[in-house]
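**Student:** Mind having a look at this structure? Questions to follow.
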Amino acid sequence: MKRQHLVSTLDLLQKELLQEVVKRKITNLSPFPLALFPTSARSLLSVIALLASNAWNSAYGVTFTPPPKNPTPSQASGGGSRGNLFTLSAGKGALQQASGGAPRVGTYYLNASPATAGPAALIALLPQSFYGTTVSERPTILVYLPASNAEEAMFSLKDEAGKMQYQMTIPVIGKHGVIAVKLPAKAPALAVGKNYQWFLALKIDGQLSPSTPYVDGWIQRIQPSGELATAMQHKDALQRATALGKNGVWYDCVATLAAVYTDQPTNAIAKQWEELLSSVSLNEIVKVPLVASAN
């Protein structure tokens, strides 16, 4: 009778554990008392765990789907000669666009150390259109920063008419990798439906000049759909990144996933990061380090 009761208890335990593995998408079985299970049940548990892992990665894989209507500013493509891009405004050394436009990869390369991994140019983490959207009033912008002797960078934000909206200096001494530039609370909120152009320029030898290495990009704040607004309330940041990417909101998608990767540098998150960047042809920086927020 006791033996029959023990067998029944083990059967119930097996069923409950199987249900828990499926329900919670458990992929690591080491904490469980697998010795209590016959070989066939252990094999079944392993298969279910593998399927759960694949299902989880498929359901929450962060991919970017460009919005169907992409109102990219006409100035966002092309590239003028370096000397015509900027002139220095009197007194402040602020960058002012004169003509042309820069691609997401800086046109000037820095003298990086041969031992330093990664490209030697500034690179904006943007699709090849040099344009992306956000639902944030004050979004976070990601830029790849090569190794250099620069101590500071100048960040500038202008509206589509070329009027300066905000500027700030960012410390970059000793930094190399993907940096996050967050518009602070004192910066004006982006207006919905308006295009803005941002610039990040390195101060070489503490100065800005017509030959200053820089990179730029375009951003537009959009109103999220009801579905996206609901998804953005989710506590799981990875699911928020997935929803943002599905809805074509590039800036918030990549910034959210970067934050997840910084907090959880696991192989699974690293793979998602690499796939997201590769989807917009940023393969050359998928392995570079993520640096803490620049400001």
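Please treat every number below as a calculation from the coordinates, not as lab data. Computed from a predicted structure; not experimentally measured. Please note: Cβ atoms are built from the backbone with ideal geometry, for glycine as well, and neighbour counts cover all protein chains shown.
**Student:** Would you mind calculating the gained length between E137 and T63 on full extension (0.36 nm times residue separation, minus the Cα-Cα distance), in nm to one decimal?
**Tutor:** Gain on stretching E137 to T63: 24.3 nm.
**Student:** Using only alpha carbon positions, build the gyration tensor of region 141-229, then give the equivalent ellipsoid semi-axes as the square roots of 5 times its eigenvalues, largest first, whole angstrom.
**Tutor:** 27, 15, 11
**Student:** If we restrict to alpha carbons, what Rg and Dmax does region 149-291 come to, in Å?
**Tutor:** Looking at region 149-291, its Cα Rg and Dmax stand at 16.6, 49 Å.
**Student:** Okay, next question. Whole-Hz Karplus ³J(HN,Hα) for region 245-258, in order, using 6.51 cos²θ - 1.76 cosθ + 1.60 and θ = phi - 60°, x for Gly and Pro?
**Tutor:** x, 4, 9, x, 8, 4, 4, 6, 5, 5, 5, 5, 5, 4
**Student:** Which aspartates and glutamates does K194 reach when only Cα atoms under 15 Å apart count, and residues fewer than 8 places away in its own chain are ignored?
**Tutor:** E137, D159, E160
**Student:** Turning to a different aspect of this structure: Under 20 Å from the Cα of K175, which aspartates and glutamates turn up, not counting those fewer than eight places away in the same chain?
**Tutor:** Qualifying aspartates and glutamates at Cα under 20 Å: E151, E152, D205, D216, D263, E284.
**Student:** Another question about this same structure. Highest first, please rank the peptides 200-211, 244-255, 260-271 by the mean number of other Cβ atoms sitting within 10 Å of their residues.
**Tutor:** 244-255, 200-211, 260-271
**Student:** Given the pairs K158/K287; K186/K271; K163/K203; K163/K235; K163/K287; K203/K271, which span a C-alpha to C-alpha distance of over 27 angstrom in this model?
**Tutor:** Distance filter (> 27 Å) returns K158/K287; K186/K271; K163/K235; K163/K287; K203/K271.
**Student:** Another question, if that's okay. Restricting attention to the alpha-carbon atoms of region 205-261, what are Rg (one decimal) and Dmax (integer), both in Å?
**Tutor:** Both quantities, over Cα of region 205-261: 16.1, 49 Å.
**Student:** Which of the peptides 144-155, 228-239 is most tightly packed, and how do the rest follow, going by the mean number of other Cβ atoms within 10 Å of each residue?
**Tutor:** Ranked by mean Cβ neighbours within 10 Å, highest first: 144-155, 228-239.
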